[in-house]
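*Asks:* Would you mind keeping the following structure in view while I ask a few things?
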Amino acid sequence: MARSIQGARRVLDIEGRAILDLAKRINKNFEKVIDFLAKAKGRVIVTGMGKPGFIAQKVSATLSSTGTPSLYLHPAEALHGDLGRVTRSDCLLAFSNSGETEEIVKLLPIIKKIGTPLIAIVGSVKSTLAKNADFVLDVSVEKEACSLGLAPTTSTTAMLAMGDALSVCLLDRKGFKEKDFAFYHPGGALGKRLLLTVEDIMRRGNANPIVKEDMPVKDVLLKVTKARAGSASVVNKKGELTGIFTDGDLRRHLNAKRDIRNTRVKDIMTKSPTAIKKEKLAAEAFQILRSKKIDEIPVVDDKKRPIGLLDVQDILKAGLV
């Protein structure tokens with residue numbers, strides 16, 4: 001086996017086992033941290049120096065995007081004026097493997113004076129940082145994955161995993177939903193998937209062929225072709241949706257002995273088709289199309305009257321998948 005393959009597997013094995021060991025340490029202390037953060041009125045100020053600092057930035061970003069206001073504070077910059085960003089109503093989440101990081105230790109007296117609660121995510125529970133924290137989460141690891149045992153690898157992986165655990169549990173505790181997530185992610189495919197409604201992309205007007213039950217199939221085909229659609233919504237005398245006529249219905253009856261061209265569409269349509277309301281999310285419509293293995297779905301109002309048509313191609317064009 002190539003040396004690099006063995007090396008990569010060794011690194012992943014060490015870091016994987018470290019996370020599993022970390023899971024065993026999740027206890028009531030972790031629950032207390034979640035309880036505290038869920039009730040906190042201010043922001044979660046996240047800090048860390050060096051490699052843990054990059055982890056702190058990621059965790060702060062995750063918290064912010066999942067309903068917990070947060071910002072990253074560089075500890076060195078904090079010592080030169082940025083501590084003015086920290087208030088008593090905030091809480092400080094500090095990442096440090098040794099718990100003796102000079103820049104962070106120097107912050108402790110000022111943080112105590114401000115009265116900001118401190119949560120330490122630390123690799124040594126006997127460190128200065130841990131001893132001065134209100135809450136301590138132990139992320140110590142047996143060894144770094146670095147072959148020299150020097151570069152922060154396993155230790156930063158453990159910090160990241162703990163930060164993710166905090167963020168996700170806090171999300172659940174606060175009842176943060178998809179619509180809330182979409183509010184903070186309005187751009188790109190993610191925002192589209194969560195915010196776009198059926199009404200935003202459905203076909204309407206001439207592009208939404210609607211035919212009566214007694215219309216001959218040949219006339220229905222002309223209307224569908226003119227609309228450049230893949231189906232037609234079939235309605236009764238009250239204008240209510242009673243069926244849908246698709247190219248699949250046409251193919252299934254082509255071998256019939258009767259003259260299909262003059263057959264009433266209600267005799268060969270798909271009855272009681274699946275329909276959807278305009279206010280539903282387009283993502284939900286896509287799931288229906290995929291699960292039922294259909295290409296089109298009529299859009300109806302509260303009186304079951306077709307007001308639009310959604311084709312799988314419309315969803316593809318919108319960039320939802």
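*Asks:* Arranged from highest to lowest average of other beta-carbon atoms within 10 Å per residue, in what order do the peptides 38-51, 210-223 appear?
*Replies:* Highest-to-lowest ranking by the protection proxy: 38-51, 210-223.
*Asks:* Students often forget the sequence filter, so: which aspartates and glutamates lie under 14 Å Cα-Cα from Lys280 once same-chain residues fewer than 8 apart are removed?
*Replies:* Within the straight-line cut-off, Lys280 pairs with Glu178, Glu199, Asp200, Asp301, Asp302.
*Asks:* Of the DSSP beta bridges with both residues in the stretch 209-309, give the percent that are antiparallel, rounding to the nearest 5. Please report the intermediate quantities before stating the final value.
*Replies:* Values: 11 of 16 bridges.
In the stretch 209-309, DSSP labels about 70 percent of beta bridges as antiparallel.
*Asks:* Helix by helix through the chain, keep the DSSP H runs that span 24 Å or more along the axis on Cα and average at least -0.5 on Kyte-Doolittle, and give those back in order.
*Replies:* 3-24, 154-173
*Asks:* Express as a percent, rounded to the nearest 5, the fraction of DSSP beta bridges in the chain (both residues included) that run antiparallel.
*Replies:* 40
*Asks:* Report the charge-dipole magnitude of the stretch 1-75 in Debye, nearest 20, computed about the Cα centre from +1 at each Lys and Arg Cβ and -1 at each Asp and Glu Cβ.
*Replies:* 80
*Asks:* Just want to confirm a number: the relative contact order over the chain, from Cα pairs under 8 angstrom separated by 6+ residues, in percent.
*Replies:* 14
*Asks:* Once the Cα gyration tensor of the chain is found, what semi-axes does its equivalent ellipsoid get, as square roots of 5 times the eigenvalues, in whole Å, sorted largest first?
*Replies:* In descending order the semi-axes read 61, 23, 15 Å.
*Asks:* A further question follows. Can you find, among Phe181, Val139, Pro273, the residue farthest towards the positive end of the dipole of the chain? Put +1 on the C-beta of Lys and Arg, -1 on that of Asp and Glu.
*Replies:* Checking the options against the dipole of the chain, the answer is Pro273.
*Asks:* If you don't mind, there's one more thing I want to ask. Rounding to the nearest 20 debye, state how big the charge dipole of the stretch 3-176 is about its Cα centre with +1 on each Lys and Arg Cβ and -1 on each Asp and Glu Cβ.
*Replies:* Using Cβ point charges on Lys, Arg, Asp and Glu, the stretch 3-176 gives about 260 debye.
*Asks:* Which peptide among 149-161, 11-23 comes first, and what is the full order, when sorted by highest mean count of other Cβ atoms within 10 Å?
*Replies:* My ranking of the peptides, most packed first, is 149-161, 11-23.
*Asks:* Among Leu129, Thr153, Ile111, whose Cα sits farthest toward the positive end of the charge dipole of the stretch 111-166 (+1 at Cβ of Lys/Arg, -1 at Cβ of Asp/Glu, about the Cα centre)?
*Replies:* Ile111
*Asks:* Let me ask another. Lys39: which lysines have alpha carbons under 29 Å from its alpha carbon, excluding same-chain residues fewer than 8 sequence positions away?
*Replies:* Candidates past the 8-residue exclusion: Lys24, Lys28, Lys58, Lys106, Lys112, Lys113, Lys126, Lys131, Lys174, Lys177, Lys179.
*Asks:* Which of Tyr72, Leu241, Thr101 sits closest to the plus end of the dipole of the chain, meaning its Cα is farthest towards the positive end, when Lys and Arg get +1 and Asp and Glu get -1 on the C-beta?
*Replies:* Leu241
*Asks:* Please build a GNM for the chain, connecting alpha carbons under 10 Å apart, and tell me which residue among Arg204, Arg173, Arg258 fluctuates the most.
*Replies:* Greatest mean-square fluctuation among the candidates belongs to Arg258.
*Asks:* Oh, and also: Could you calculate the FRET efficiency of Glu178 with Arg17 from 1/(1 + (r/R0)^6), where r is the beta carbon distance between them and R0 is 30 Å, rounded to 0.05?
*Replies:* The formula returns an efficiency of 0.35 here.
*Asks:* How big is the charge dipole of the stretch 164-321 about its Cα centre, in debye rounded to the nearest 20, if each Lys and Arg gets +1 on its Cβ and each Asp and Glu gets -1 on its Cβ?
*Replies:* It works out to roughly 560 debye.
*Asks:* Arrange the following residues from fewest to most other Cβ atoms within 10 Å of their Cβ: Asp311, Asp247, Asp90.
*Replies:* In order of increasing Cβ crowding within 10 Å: Asp247, Asp311, Asp90.
Here, each number is a calculation from the coordinates, and none is a lab measurement. Worth saying up front: this structure is predicted, and the values here are computed from it rather than measured. Ideal geometry is used to build each Cβ from the backbone, glycine not excepted, and the neighbour counts take in all protein chains shown.
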